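Novice: Sharing a structure below in structure tokens format, with a few things to ask.
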Amino acid sequence: MARTVVNERILLDPEICSGKPVIAGTRIMVRNILGIIADGGTVAEVLDCYPELSPEDVSAALRYAADVVDAVRSDAVANG
């Protein structure tokens with residue numbers, strides 16, 4: 001797997017967190033952000049946990065997750 005820049009904020013790199021999506025310039029995985037939100041946390045709570053992030057980073061993580069769900073859904077529909 002090669003390094004993939006999903007957008008200016010999301011990066012997949014096999015050398016960083018085993019290729020899991022992270023916020024660019026950090027080792028903070030998208031899944032960590034999603035976990036906080038899924039457990040009822042707010043953007044402010046994510047930023048308290050990870051002060052190096054911006055609200056735009058959190059939004060990018062949520063957009064990335066939505067895009068992945070849409071891609072999986074599209075693949076499932078296309079494959080029956």
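Novice: Would you point out the residue of segment 33-52, among those that are in contact (Cβ under 8 Å) with a residue 12 or more places away in the chain and part of a helix (DSSP H, G or I), that is surrounded by the fewest Cβ atoms within 10 Å (Cβ to Cβ)? Break it down into steps so the answer makes sense when it comes.
Specialist: Filtering segment 33-52 down to residues in contact (Cβ under 8 Å) with a residue 12 or more places away in the chain leaves 33-34, 36-37, 43, 46, 49-50, 52.
Filter once more, so that each one left must be part of a helix (DSSP H, G or I): 33-34, 36-37, 43, 46, 49.
On the way: Ile33: 27, Leu34: 18, Ile36: 19, Ile37: 16, Val43: 17, Val46: 22, Cys49: 13.
Here the answer is Cys49.
Novice: Sticking with this one: Are any residues in segment 19-32 of a type in the set (Lys, Arg) and in a strand (DSSP E or B), and if so, which ones? Before the answer, list the steps.
Specialist: Within segment 19-32, the first condition is being of a type in the set (Lys, Arg), and the residues that meet it are 20, 27, 31.
Matches in segment 19-32: none.
Novice: I'd like the full set of residues that are crowded, with 16+ Cβ neighbours inside 10 Å, in contact with a strand residue (DSSP E or B) (Cβ under 6 Å, 6 or more places away or on another chain) and not small (Gly, Ala, Ser), limited to segment 17-27. Write out each step before concluding.
Specialist: Within segment 17-27, the subset crowded, with 16+ Cβ neighbours inside 10 Å is 17, 21-24.
Applying the additional criterion that residues be in contact with a strand residue (DSSP E or B) (Cβ under 6 Å, 6 or more places away or on another chain) yields 17, 21-22, 24.
Of everything in segment 17-27, those that are crowded, with 16+ Cβ neighbours inside 10 Å, in contact with a strand residue (DSSP E or B) (Cβ under 6 Å, 6 or more places away or on another chain) and not small (Gly, Ala, Ser) turn out to be Cys17, Pro21, Val22.
Novice: Return the residue satisfying two criteria in turn: it lies in segment 1-16 and is surrounded by 14 or more Cβ atoms within 10 Å (Cβ to Cβ) and touching a residue at least 40 places away in the same chain (Cβ under 8 Å), and of such residues it is farthest from Ser59 (Cα to Cα). Before the answer, list the steps.
Specialist: Filtering segment 1-16 down to residues surrounded by 14 or more Cβ atoms within 10 Å (Cβ to Cβ) leaves 6, 9-13, 16.
From what's left, touching a residue at least 40 places away in the same chain (Cβ under 8 Å): 6, 9-10.
Values: Val6: 14, Arg9: 10, Ile10: 11 Å.
Only one residue fits best here, namely Val6.
Novice: If you check Leu12, Leu34, which single one turns out to be modelled with pLDDT of 95 or more and either of a type in the set (Gly, Ala, Ser) or touching a Ser or Thr at 6+ places or on another chain (Cβ under 6 Å) (or both)?
Specialist: On the way: Leu34 fails: either of a type in the set (Gly, Ala, Ser) or touching a Ser or Thr at 6+ places or on another chain (Cβ under 6 Å) (or both).
It is Leu12.
The values are calculated or read from the model by the stated rules, or taken from the named source; none is laboratory data. None of the values given here were measured: they were computed from a predicted structure. We place every Cβ from the backbone using ideal geometry, glycine too, and count neighbours over all the protein chains shown.
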